[in-house]
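The values are calculated or read from the model by the stated rules, or taken from the named source; none is laboratory data. Just so we're clear, the structure is a prediction, and the values are computed from it rather than from any experiment. So basically every Cβ, Gly included, is an ideal-geometry build from the backbone, and we count neighbours across all protein chains shown.
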Amino acid sequence: MTLPVQDRDPSDIGPDPAENLARIKAELDAALEEAGRPAGSVTVTAVSKQHDAARILPALEAGHRVFGENRVQEAAAKWPDLRERFSDLELRLIGPLQSNKAGDAVALFDVIETVDRPKIAAALAAAIRKQGKTPGLLVQVNTGEEPQKAGIAPADAEAFVAACAREHGLSIDGLMCIPPLDDDPAPHFALLAKLAKTCGLSVLSMGMSADYAIAAQLGATHVRIGAGVFGPRPVRR
Ligand SMILES: *Cc1c(COP(=O)(O)O)cnc(C)c1O
């Protein structure tokens, strides 16, 4: 089992995002092998929030194509230029979405991981119809039932996924969660995997810099890694 990022010598996270990605992918493959899952069956979403295009570019140039951003406006400022150069990239929205930004989100993102309430489902459905696009969609589940955190309560997840299809014509691909900061993440990952199975969904976005190996062992198809790829985020102005 690989060490979580916070328990490692910080010098493990080097200055080159491409080298960090290669190391993380090797660690993921080792974790997958231990769990009896095929190598390469977890996609690394490199979370580039708060990093500028110059910092992101080396990862693109090394061939990485899957990136995550948590703010629509920030992504709109950075990614259209990069997409002109790397047309096959996949951009994933991993932060909370306001309904008045649903149109911008559908225009910008290939996958929206944070469908978390009926109002957002309705706004996304309208934007998707209008733009004729078909972004991938995940439902965010608030596995820790934290009052301040976005996401559908675990008990309501199955009904919400069904309502997205029935009431809005939205096809949901999978589930996403952000476990409580101080909890052992494993039970949250296991719960998300169980819910996805109940709902018949195959995509599981779970695991961040500190716990991606555990997430891979518990069935993640996507891990979202920021600091582990790009180093500490610059202080937000
Ligand atoms: C920032 C962020 C991440 C990445 O966090 P790190 O600890 O830097 O890997 C993952 N998921 C979400 C939803 C985030 O906002």
From 74, 69, residue being buried (at least 22 other Cβ atoms within 10 Å of the Cβ), of a type in the set (D, E, K, R) and within 19 Å of the chain's Cα centre (by Cα) | 69
Based on what the data block shows, is residue 149 part of a helix (DSSP H, G or I), among the charged types (D, E, K, R) and either touching a Ser or Thr at 6+ places or on another chain (Cβ under 6 Å) or touching a residue at least 24 places away in the same chain (Cβ under 8 Å) (or both)?
-> no
Scanning the range 186-210 for residues that are closer than 21 Å to residue 157 by Cα and within 16 Å of the ligand (Cβ to nearest atom), which turns out farthest from the chain's Cα centre (by Cα)?
-> 188
Residue 92, sole failed condition from (1) crowded, with 22+ Cβ neighbours inside 10 Å; (2) among the charged types (D, E, K, R); (3) over 18 Å from the mean Cα position of the chain (by Cα) = (3)
Go through the range 144-179 residue by residue and tally those that are within 13 Å of the ligand (Cβ to nearest atom) and among the polar types (S, T, N, Q).
-> 0
Considering every residue within the range 39-48, establish whether at least one is under 22 Å from residue 108 (Cβ atoms) and not in a strand (DSSP E or B).
-> yes
Residue 84 being of a type in the set (Asp, Glu) and part of a strand (DSSP E or B) = no
Quick one: what pairs do we get from the range 45-69, first residue closer than 12 Å to residue 19 by Cα and without any contact (Cβ under 8 Å) to a residue 60 or more places away in the chain, second near the ligand (Cβ under 10 Å from one of its atoms) and not in a loop (DSSP other than H, G, I, E, B), C-beta under 7 Å, 6+ apart or different chains?
-> 64/46
Considering only the range 154-170, how many residues are surrounded by 12 or more Cβ atoms within 10 Å (Cβ to Cβ) and either in a loop (DSSP other than H, G, I, E, B) or modelled with pLDDT under 95 (or both)?
-> 1
Of the conditions (1) over 19 Å from the mean Cα position of the chain (by Cα); (2) within 16 Å of the ligand (Cβ to nearest atom); (3) in contact (Cβ under 8 Å) with a residue 12 or more places away in the chain, residue 182 clears all except one; give me its number.
-> (3)
May I ask you to verify whether residue 220 is of a type in the set (Gly, Ala, Ser) and under 12 Å from the mean Cα position of the chain (by Cα)?
-> yes
Residue check, residue 27 against (1) more than 13 Å from the ligand (Cβ to nearest atom); (2) over 20 Å from residue 136 (Cβ atoms); (3) acidic (Asp, Glu); (4) free of Cβ contacts under 8 Å to residues at least 40 places away in the same chain, all met but one. Which one?
-> (4)
Could you grab me the full set of residues in the range 97-141 that are in contact with a Gly (Cβ under 6 Å, 6 or more places away or on another chain) and surrounded by 22 or more Cβ atoms within 10 Å (Cβ to Cβ)?
-> 111, 138, 140, 141
Residues located in the range 211-237, provided they are within 12 Å of the ligand (Cβ to nearest atom) and in a helix (DSSP H, G or I) | 212, 215, 227, 228, 229, 230
